[in-house]
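Here the structure is laid out as structure tokens; the discussion comes afterwards.
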Amino acid sequence: MPSPETDGRIDSDLHDGIFRIVMNRPAKKNALTIAMYLALTGAVEQAEKDPAVRVILITGAGDCFTSGNDLQDFLDHPPSHESSPVFRFMAAINRAEKPIIAAVSGLAVGIGTTMLLHCDLAYAGTNARFMLPFVNLGLCPEAGSSFLLPLLAGHRRASEILLLGEIFSAEKAKEVGLVNAVLDDSQVLNHALEQARKVAAKPQASVRLTKAMLKKTNARMVEATIYEEARLLIERVGSPEASEAFNAFFERRKPDFSKF
Ligand code: COA
């Protein structure tokens, strides 16, 4: 019997022009399965089409944003094509014309952090924690982050985040420009909703034009990087070092990369 706690689902609702998307799989820190990526993509596409939607807000259920791609899925059903669900989700948030706002509580790992690079506004709780562990997993950057993160944070800070793959604080996320503000954990969602209401109250043609203009200069490069990284990720995910990293995670041991 499927349970949303462990199998996960994507919830959404629409109030006052704000389409809220919730990654909901608390027992697994909201790790995203293939089915959840498909549902996320569907939700973003639905929000884009629905004229009643003025702003998209993404958040996680419980005390977590998301722990990133489900590692069991990486082992059992690795992405094999540029149109695999994980890449379709990246393309959907990258192409979205309506503003996207993120409210981050707790952990934002992997895509939990890289999706913020495609959000227009992002807010984090004091206890939010971020991590891009691609190198630790024998993988490579995703979602255009090898282009967007250095653009945002500069080469040195992007290298620190991507090469070391260490967990970092909400304050550091603000310092490097990943989030707009850090708030008390109990206030993150309310604040993000308040900002969403402000944007939703503005003339929508101007909002979308402004978003489009802000993204125009880098649009081609971002799209090209997403697909280049996707091709490399497909290769890396089948590598022996990635298998060692995923198996080590489930066996609750340190990976041994001494042979790689
Ligand atoms: N994929 C699959 N399962 C995951 C997961 C993921 N990305 N992240 C967490 N889980 C599962 C754990 O296996 C555990 O399941 P169990 O209770 O059946 O053993 C449960 O979620 C709780 O996670 P746990 O590791 O016990 O919580 P924690 O607070 O000690 O650590 C993390 C949280 C996110 C730091 C840790 O789970 C982690 O490193 N996860 C992997 C993150 C990752 O590499 N994501 C992919 C990025 S590309």
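Hey, ARG95 hits all of (1) open to solvent by 60 Å² or more (accessible area, probe 1.4 Å); (2) closer than 17 Å to ALA31 by Cβ but one; which does it fall short on?
In the conditions (1) open to solvent by 60 Å² or more (accessible area, probe 1.4 Å); (2) closer than 17 Å to ALA31 by Cβ, ARG95 misses (2) alone.
When the residues of the range 75-92 are narrowed to those that are assigned to a helix (DSSP H, G or I), within 16 Å of the ligand (Cβ to nearest atom) and in contact (Cβ under 8 Å) with a residue 40 or more places away in the chain, which ends up most open to solvent (accessible area, probe 1.4 Å)?
Among residues in the range 75-92 that are assigned to a helix (DSSP H, G or I), within 16 Å of the ligand (Cβ to nearest atom) and in contact (Cβ under 8 Å) with a residue 40 or more places away in the chain, the one most open to solvent (accessible area, probe 1.4 Å) is LEU75.
Checking the conditions here, which among GLU235, GLU251, GLU244 is crowded, with 16+ Cβ neighbours inside 10 Å, within 16 Å of the ligand (Cβ to nearest atom), of a type in the set (Asp, Glu) and modelled with pLDDT of 95 or more?
Every option except GLU244 fails the conditions.
Would you point out which residue out of LEU149, LEU139, LEU162 is part of a loop (DSSP other than H, G, I, E, B) and surrounded by 19 or more Cβ atoms within 10 Å (Cβ to Cβ)?
LEU139
Please enumerate the residues belonging to the range 44-74 that are small (Gly, Ala, Ser) and crowded, with 23+ Cβ neighbours inside 10 Å.
Residues satisfying the conditions are ALA47, GLY60, SER67, GLY68.
Within the set of pairs 6+ apart or on separate chains, which have a first residue in the range 54-72 that is at positive phi and within 6 Å of the ligand (Cβ to nearest atom), a second that is of a type in the set (Val, Ile, Thr) and modelled with pLDDT of 95 or more, and C-beta atoms under 7 Å apart?
Going by the 7 Å Cβ cut-off, the qualifying pairs are GLY68/VAL109; GLY68/ILE111.
Anything in the range 169-195 that is in a loop (DSSP other than H, G, I, E, B) and under 11 Å from LEU121 (Cβ atoms)? List them, or say none.
Within the range 169-195, VAL179, ASN180 qualify.
Does the range 220-228 include one or more residues that are within 16 Å of the ligand (Cβ to nearest atom), of a type in the set (Phe, Trp, Tyr), surrounded by 11 or more Cβ atoms within 10 Å (Cβ to Cβ) and touching a residue at least 40 places away in the same chain (Cβ under 8 Å)?
Within the range 220-228 (the criterion being within 16 Å of the ligand (Cβ to nearest atom), of a type in the set (Phe, Trp, Tyr), surrounded by 11 or more Cβ atoms within 10 Å (Cβ to Cβ) and touching a residue at least 40 places away in the same chain (Cβ under 8 Å)), the answer is no, since none of the residues qualifies.
Can you tell me which residues in the range 1-18 are free of Cβ contacts under 8 Å to residues at least 60 places away in the same chain, surrounded by 14 or more Cβ atoms within 10 Å (Cβ to Cβ) and in a strand (DSSP E or B)?
ARG9, ILE10, ASP11, SER12, LEU14, listed by residue number.
Tell me which of these ILE167 doesn't satisfy, since it passes every other one: (1) crowded, with 24+ Cβ neighbours inside 10 Å; (2) β-branched (Val, Ile, Thr); (3) within 16 Å of the ligand (Cβ to nearest atom).
Failing condition for ILE167: (1).
Looking at (1) charged (D, E, K, R); (2) open to solvent by less than 80 Å² (accessible area, probe 1.4 Å); (3) under 19 Å from the mean Cα position of the chain (by Cα); (4) more than 24 Å from ALA128 (Cα to Cα), which one does LYS172 not meet, given that it meets all the others?
(4)
Just to be sure, is VAL135 within 16 Å of the ligand (Cβ to nearest atom), in contact (Cβ under 8 Å) with a residue 24 or more places away in the chain and β-branched (Val, Ile, Thr)?
Yes.
The values are calculated or read from the model by the stated rules, or taken from the named source; none is laboratory data. Since the structure is predicted, the reported quantities are computational estimates derived from the model, not experimental observations. With ideal geometry, Cβ positions are generated from the backbone for all residues, glycine too; neighbour counts draw on all protein chains shown. All accessible areas refer to the heavy atoms of the entire protein, side chains included, with ligands and DNA or RNA removed. Shrake-Rupley method; radii C 1.70, N 1.55, O 1.52, S 1.80 Å.
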